[in-house]
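Notes to accompany the following structure.
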Amino acid sequence: MLQIGLNQMTVPTMSVGAFLRLAKSLGCDGVECRDDLEAALFDGMPPQDMRAMTRKQGLRLFGLAEVYGFNAPHSEILDKAAQLIQTAQSAGAEGVALIPMIGTAPIDRARQRAMLRSAIKRLTPLFAGSGVRGFIEPLGFGNSTLRFKSDVVDALRDLDAIENFALIHDTFRHHLAGESAVFGAETAMVHVSGVAASARQATALVDADRGLVGADDRLDNINQLNTLLNAGYTGPMSIEAFAPDVHKMTDPAAALAGSIAFIADKLDGVPA
(Lines give C-alpha, C1' and ligand atoms only; values in the text may rest on other atoms or scores of the structure.)
Protein backbone atom coordinates (compact mmCIF):
# COMPACT_ATOMS: atom_id res chain seq x y z
CA MET A 1 0.00 0.00 0.00
CA LEU A 2 1.32 3.41 -0.98
CA GLN A 3 2.21 5.59 2.01
CA ILE A 4 1.74 9.32 1.49
CA GLY A 5 3.07 12.10 3.69
CA LEU A 6 2.65 15.85 3.69
CA ASN A 7 5.54 18.15 4.52
CA GLN A 8 4.64 21.37 6.30
CA MET A 9 6.66 23.36 3.75
CA THR A 10 3.89 22.71 1.22
CA VAL A 11 1.42 24.79 3.26
CA PRO A 12 3.76 26.93 5.39
CA THR A 13 1.21 29.48 6.63
CA MET A 14 -1.42 26.94 7.67
CA SER A 15 -1.98 26.34 11.38
CA VAL A 16 -0.86 23.00 12.73
CA GLY A 17 -4.44 21.94 13.39
CA ALA A 18 -5.52 22.80 9.85
CA PHE A 19 -2.40 21.12 8.47
CA LEU A 20 -3.24 17.86 10.21
CA ARG A 21 -6.87 18.02 9.10
CA LEU A 22 -5.74 18.61 5.51
CA ALA A 23 -3.38 15.63 5.65
CA LYS A 24 -6.16 13.47 7.05
CA SER A 25 -8.60 14.59 4.34
CA LEU A 26 -6.06 13.69 1.64
CA GLY A 27 -5.67 10.16 3.00
CA CYS A 28 -2.10 10.76 4.16
CA ASP A 29 -0.48 8.34 6.54
CA GLY A 30 1.58 10.99 8.28
CA VAL A 31 3.19 14.42 8.22
CA GLU A 32 6.52 16.15 8.62
CA CYS A 33 6.78 19.31 10.72
CA ARG A 34 9.38 22.08 10.48
CA ASP A 35 11.06 24.59 12.72
CA ASP A 36 12.26 26.84 9.87
CA LEU A 37 8.90 28.45 9.07
CA GLU A 38 7.58 31.81 10.22
CA ALA A 39 5.51 30.22 12.98
CA ALA A 40 7.13 28.35 15.85
CA LEU A 41 7.42 24.57 15.68
CA PHE A 42 3.97 23.06 16.43
CA ASP A 43 2.67 26.66 16.63
CA GLY A 44 4.40 26.83 19.99
CA MET A 45 2.41 24.04 21.63
CA PRO A 46 4.20 21.48 23.82
CA PRO A 47 5.43 18.45 21.86
CA GLN A 48 3.31 16.14 24.00
CA ASP A 49 0.22 18.01 22.80
CA MET A 50 1.39 17.64 19.22
CA ARG A 51 1.72 13.91 19.76
CA ALA A 52 -1.85 13.72 21.03
CA MET A 53 -3.22 15.88 18.21
CA THR A 54 -1.44 13.87 15.54
CA ARG A 55 -2.64 10.55 16.93
CA LYS A 56 -6.18 11.86 17.25
CA GLN A 57 -6.17 12.36 13.48
CA GLY A 58 -4.82 8.83 12.99
CA LEU A 59 -1.55 10.15 11.57
CA ARG A 60 2.12 9.43 12.20
CA LEU A 61 4.68 12.15 12.72
CA PHE A 62 7.26 10.99 10.23
CA GLY A 63 9.90 13.54 11.05
CA LEU A 64 11.00 16.96 12.26
CA ALA A 65 13.16 19.42 10.36
CA GLU A 66 15.80 20.47 10.70
CA VAL A 67 19.38 20.42 11.92
CA TYR A 68 20.97 22.61 9.27
CA GLY A 69 24.72 22.34 8.81
CA PHE A 70 24.87 19.00 10.64
CA ASN A 71 28.24 18.33 9.01
CA ALA A 72 29.83 21.46 10.49
CA PRO A 73 32.25 20.84 13.37
CA HIS A 74 30.59 23.21 15.82
CA SER A 75 29.28 22.47 19.31
CA GLU A 76 26.10 24.41 18.48
CA ILE A 77 25.19 21.68 15.98
CA LEU A 78 25.34 19.03 18.68
CA ASP A 79 23.20 21.22 20.95
CA LYS A 80 20.61 21.74 18.22
CA ALA A 81 20.55 18.03 17.39
CA ALA A 82 20.14 17.06 21.05
CA GLN A 83 17.27 19.51 21.48
CA LEU A 84 15.45 18.36 18.34
CA ILE A 85 15.92 14.70 19.23
CA GLN A 86 14.37 15.36 22.63
CA THR A 87 11.48 17.21 21.00
CA ALA A 88 11.02 14.34 18.55
CA GLN A 89 10.87 11.85 21.40
CA SER A 90 8.20 13.86 23.21
CA ALA A 91 6.18 14.47 20.05
CA GLY A 92 6.42 10.89 18.80
CA ALA A 93 8.40 11.80 15.69
CA GLU A 94 10.27 8.99 13.98
CA GLY A 95 13.23 10.99 12.68
CA VAL A 96 15.08 14.28 12.57
CA ALA A 97 16.20 15.76 9.25
CA LEU A 98 19.94 16.43 8.98
CA ILE A 99 20.76 19.02 6.31
CA PRO A 100 24.32 19.77 5.11
CA MET A 101 25.72 23.25 4.73
CA ILE A 102 25.55 25.18 1.49
CA GLY A 103 28.98 26.62 0.76
CA THR A 104 30.03 29.69 -1.16
CA ALA A 105 31.82 27.49 -3.70
CA PRO A 106 32.08 23.77 -4.53
CA ILE A 107 34.29 21.69 -2.28
CA ASP A 108 36.24 18.56 -3.10
CA ARG A 109 34.23 15.34 -2.84
CA ALA A 110 36.86 13.76 -0.60
CA ARG A 111 36.38 16.67 1.78
CA GLN A 112 32.60 16.15 1.64
CA ARG A 113 33.07 12.53 2.64
CA ALA A 114 35.43 13.39 5.48
CA MET A 115 33.04 16.00 6.88
CA LEU A 116 30.15 13.54 6.69
CA ARG A 117 31.98 10.73 8.49
CA SER A 118 33.16 13.06 11.23
CA ALA A 119 29.58 14.30 11.72
CA ILE A 120 28.16 10.78 11.92
CA LYS A 121 30.70 9.85 14.59
CA ARG A 122 29.83 12.96 16.64
CA LEU A 123 26.07 12.51 16.31
CA THR A 124 25.83 8.75 16.84
CA PRO A 125 25.86 8.94 20.67
CA LEU A 126 22.91 11.36 20.55
CA PHE A 127 20.75 9.12 18.36
CA ALA A 128 21.78 5.78 19.85
CA GLY A 129 19.02 4.41 22.05
CA SER A 130 16.80 7.46 21.50
CA GLY A 131 14.22 5.74 19.31
CA VAL A 132 14.75 8.56 16.79
CA ARG A 133 16.81 8.27 13.60
CA GLY A 134 18.84 10.90 11.80
CA PHE A 135 17.54 11.39 8.26
CA ILE A 136 20.44 12.64 6.11
CA GLU A 137 19.51 14.62 2.99
CA PRO A 138 22.22 15.35 0.41
CA LEU A 139 21.31 18.58 -1.36
CA GLY A 140 22.50 17.97 -4.90
CA PHE A 141 23.52 21.58 -5.56
CA GLY A 142 27.04 22.11 -6.88
CA ASN A 143 27.96 24.17 -3.82
CA SER A 144 26.47 21.76 -1.30
CA THR A 145 28.91 20.29 1.20
CA LEU A 146 27.17 16.94 0.69
CA ARG A 147 25.83 16.19 -2.79
CA PHE A 148 25.56 12.44 -3.22
CA LYS A 149 23.52 9.72 -1.55
CA SER A 150 26.10 7.09 -2.41
CA ASP A 151 28.60 8.83 -0.13
CA VAL A 152 26.10 8.66 2.73
CA VAL A 153 25.40 4.98 2.21
CA ASP A 154 29.11 4.15 2.03
CA ALA A 155 29.72 6.04 5.28
CA LEU A 156 26.80 4.44 7.10
CA ARG A 157 27.93 0.98 6.08
CA ASP A 158 31.59 1.55 6.94
CA LEU A 159 30.74 3.09 10.33
CA ASP A 160 28.04 0.50 11.10
CA ALA A 161 25.58 3.36 11.60
CA ILE A 162 22.55 2.10 9.67
CA GLU A 163 20.63 1.55 12.91
CA ASN A 164 20.71 5.24 13.81
CA PHE A 165 20.71 6.99 10.42
CA ALA A 166 19.00 6.72 7.06
CA LEU A 167 18.68 8.60 3.79
CA ILE A 168 16.15 11.10 2.58
CA HIS A 169 15.73 10.67 -1.17
CA ASP A 170 14.55 14.02 -2.51
CA THR A 171 13.43 13.76 -6.13
CA PHE A 172 14.47 17.35 -6.91
CA ARG A 173 17.90 16.98 -5.32
CA HIS A 174 18.42 13.58 -6.96
CA HIS A 175 17.82 15.25 -10.32
CA LEU A 176 20.26 18.07 -9.54
CA ALA A 177 22.99 15.69 -8.42
CA GLY A 178 22.70 13.64 -11.60
CA GLU A 179 23.02 10.51 -9.50
CA SER A 180 21.50 7.39 -11.05
CA ALA A 181 21.72 5.00 -8.09
CA VAL A 182 18.95 4.75 -5.51
CA PHE A 183 19.12 2.99 -2.17
CA GLY A 184 15.75 1.54 -1.25
CA ALA A 185 16.79 -0.30 1.89
CA GLU A 186 18.78 2.63 3.29
CA THR A 187 16.08 5.24 2.62
CA ALA A 188 13.59 6.22 5.31
CA MET A 189 11.83 9.11 3.60
CA VAL A 190 11.19 10.34 0.07
CA HIS A 191 10.48 14.01 -0.59
CA VAL A 192 8.44 14.55 -3.73
CA SER A 193 8.12 17.75 -5.73
CA GLY A 194 7.79 18.55 -9.41
CA VAL A 195 9.29 21.11 -11.74
CA ALA A 196 7.27 22.21 -14.74
CA ALA A 197 8.78 21.69 -18.18
CA SER A 198 8.76 25.43 -18.80
CA ALA A 199 11.00 26.22 -15.81
CA ARG A 200 14.58 27.50 -16.13
CA GLN A 201 17.59 25.45 -17.15
CA ALA A 202 18.57 22.58 -14.85
CA THR A 203 21.76 24.26 -13.64
CA ALA A 204 19.74 27.30 -12.52
CA LEU A 205 16.92 25.50 -10.71
CA VAL A 206 16.25 26.55 -7.12
CA ASP A 207 13.89 25.38 -4.39
CA ALA A 208 11.29 27.96 -5.44
CA ASP A 209 10.84 26.04 -8.72
CA ARG A 210 9.53 23.01 -6.80
CA GLY A 211 5.77 22.63 -7.21
CA LEU A 212 3.40 19.68 -7.37
CA VAL A 213 3.97 16.67 -9.61
CA GLY A 214 1.82 16.51 -12.72
CA ALA A 215 2.00 15.52 -16.38
CA ASP A 216 4.43 18.38 -17.16
CA ASP A 217 7.03 17.28 -14.59
CA ARG A 218 10.63 17.37 -15.81
CA LEU A 219 12.24 15.65 -12.79
CA ASP A 220 11.16 12.16 -13.90
CA ASN A 221 9.48 11.66 -10.53
CA ILE A 222 7.52 8.60 -11.60
CA ASN A 223 10.59 6.76 -12.81
CA GLN A 224 12.48 7.74 -9.64
CA LEU A 225 9.68 6.47 -7.42
CA ASN A 226 9.21 3.25 -9.36
CA THR A 227 12.97 2.62 -9.22
CA LEU A 228 12.92 3.14 -5.44
CA LEU A 229 9.98 0.79 -4.98
CA ASN A 230 11.63 -1.86 -7.12
CA ALA A 231 14.79 -1.42 -5.00
CA GLY A 232 12.87 -2.33 -1.86
CA TYR A 233 11.72 1.04 -0.56
CA THR A 234 8.65 0.68 1.69
CA GLY A 235 8.46 4.06 3.43
CA PRO A 236 6.41 7.19 2.85
CA MET A 237 6.46 9.55 -0.09
CA SER A 238 6.02 13.02 1.34
CA ILE A 239 4.83 15.97 -0.74
CA GLU A 240 7.25 18.88 -0.24
CA ALA A 241 6.55 21.89 -2.47
CA PHE A 242 8.45 25.18 -2.15
CA ALA A 243 6.89 27.04 -5.09
CA PRO A 244 5.26 30.39 -4.27
CA ASP A 245 2.23 29.56 -6.42
CA VAL A 246 1.55 26.51 -4.23
CA HIS A 247 2.10 28.49 -1.04
CA LYS A 248 -0.38 31.15 -2.20
CA MET A 249 -3.25 28.67 -2.60
CA THR A 250 -5.99 29.46 -0.10
CA ASP A 251 -7.50 26.00 -0.55
CA PRO A 252 -4.81 23.61 -1.79
CA ALA A 253 -6.72 20.39 -1.13
CA ALA A 254 -7.93 19.82 -4.69
CA ALA A 255 -4.52 20.47 -6.25
CA LEU A 256 -2.80 18.21 -3.73
CA ALA A 257 -5.38 15.46 -4.20
CA GLY A 258 -4.93 15.65 -7.97
CA SER A 259 -1.15 15.39 -7.73
CA ILE A 260 -1.30 12.48 -5.30
CA ALA A 261 -3.77 10.66 -7.56
CA PHE A 262 -1.54 11.29 -10.59
CA ILE A 263 1.47 9.81 -8.79
CA ALA A 264 -0.44 6.79 -7.47
CA ASP A 265 -1.86 6.03 -10.91
CA LYS A 266 1.58 5.93 -12.50
CA LEU A 267 3.38 3.73 -9.98
CA ASP A 268 4.09 0.12 -10.91
CA GLY A 269 1.71 -2.29 -9.21
CA VAL A 270 1.13 -0.16 -6.13
CA PRO A 271 -2.53 0.32 -5.15
CA ALA A 272 -3.39 3.84 -3.98
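The values are calculated or read from the model by the stated rules, or taken from the named source; none is laboratory data. None of the values given here were measured: they were computed from a predicted structure. So basically every Cβ, Gly included, is an ideal-geometry build from the backbone, and we count neighbours across all protein chains shown. Please note that ligands, DNA and RNA were not included when accessible areas were found on the heavy atoms of the full protein model with its side chains. Shrake-Rupley method; radii C 1.70, N 1.55, O 1.52, S 1.80 Å.
Just to confirm, what accessible area per residue do you get for the range 204-268 at 1.4 Å probe, in whole Å²? Don't jump to the answer; show the numbers that get you there.
Details: 2780 Å² over 65 residues.
Spelled out: the 1.4 Å probe surface of the range 204-268, per residue, equals 43 Å².
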Computed for the chain: size of charge dipole around the Cα centre, +1 on C-beta of each Lys and Arg, -1 on C-beta of each Asp and Glu, debye to nearest 20, value 280 debye
Sorted by chain and number, the residues with a modelled amide H under 5 Å from that of Gly69, at a separation of 5 or more or across chains, are Ile99, Met101
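Taking the Cα centre of the range 33-153 as the origin, how large is its charge dipole in debye, to the nearest 20, when only Lys and Arg (+1) and Asp and Glu (-1) carry charge on their Cβ atoms?
Charge dipole of the range 33-153: 540 debye, to the nearest 20.
How large is the accessible surface per residue of the range 31-126, computed with a 1.4 Å probe and reported in Å² as a whole number? The partial results should precede the final answer.
Details: 4660 Å² over 96 residues.
Using a 1.4 Å probe on heavy atoms only, each residue of the range 31-126 averages 49 Å².
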Given backbone amide H placed at 1.01 Å from N, residues whose amide H is under 5 Å from that of Leu212, ignoring those fewer than 5 places away on the same chain, are Gly194
Expressed as a percent, the accessible surface of the chain that is carbon or sulfur, using a 1.4 Å probe and the full set of protein chains, is 51 percent
Long-range alpha-carbon pairs in the range 112-188, meaning those over 19 Å apart, account in percent for 31 percent
Diffing the range 19-30: the Karplus 3J(HN,Hα) column from phi (6.51, -1.76, 1.60, θ = phi - 60°), in whole Hz with x for Gly and Pro, holds 4, 5, 5, 4, 4, 4, 5, 7, x, 5, 8, x
Once both label points are put 7 Å beyond Cα along the C-beta direction, the Ala264-Asn223 separation in nm becomes 2.6 nm
Classified through the alpha carbon gyration tensor (a ≥ b ≥ c as square roots of its eigenvalues; rounded if a/c is under 1.5, else prolate when a/b is larger than b/c, else oblate), the range 149-244 comes out prolate
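What is the local net charge at Lys80, summed over the other residues whose Cβ is closer than 15 Å to its Cβ (Lys, Arg +1; Asp, Glu -1)? The partial results should precede the final answer.
On the way: positive: Arg34, Arg122; negative: Asp35, Asp36, Glu66, Glu76, Asp79.
Net of charged neighbours comes to -3.
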Sorted by chain and then number, the residues having a modelled amide H within less than 5 Å of the amide H of Ser238, at least 5 places away or on another chain, are Gly5, Val190, His191, Val192
For Ala204 and Gln86, extending 7 Å from Cα along the Cα-Cβ vector and measuring point to point gives, in nm, a value of 4.7 nm
With +1 at each Lys and Arg Cβ and -1 at each Asp and Glu Cβ, the charge dipole magnitude of the range 132-272 around its Cα centre, to the nearest 20 debye, comes out at 200 debye
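Nearest-5 percent of antiparallel DSSP beta bridges in the chain?
On the way: 3 of 32 bridges.
Approximately 10 percent, going by the DSSP bridge assignments.
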For the range 45-51, in residue order, the Karplus 3J(HN,Hα) values (coefficients 6.51, -1.76, 1.60; θ = phi - 60°; whole Hz; Gly and Pro = x) are 6, x, x, 5, 5, 5, 4
With x for Gly and Pro, the residue-by-residue ³J(HN,Hα) of the range 185-192, computed from phi through the Karplus equation 6.51 cos²θ - 1.76 cosθ + 1.60 at θ = phi - 60° and given in whole Hz, is 6, 8, 9, 9, 8, 10, 9, 10
Taking a straight Cα-to-Cα line shorter than 17 Å from Lys56, and setting aside same-chain lysines fewer than 8 residues away, one finds Lys24
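Viscosity 0.890 mPa s, temperature 25 °C: what is the translational diffusion coefficient of the chain from Stokes-Einstein with a Kirkwood Rh over Cα pairs, rounded to a whole number of µm²/s?
131 µm²/s
What does the helix-only formula give at 222 nm for the chain: each DSSP H stretch with n ≥ 4 adding -39500 (n - 2.57), the total divided by the residues, and the result rounded to the nearest 500 deg cm²/dmol? List each step's numbers first, then the result.
Values: 9 runs with 101 residues, N = 272.
One gets -11500 deg cm²/dmol as the mean residue ellipticity at 222 nm.
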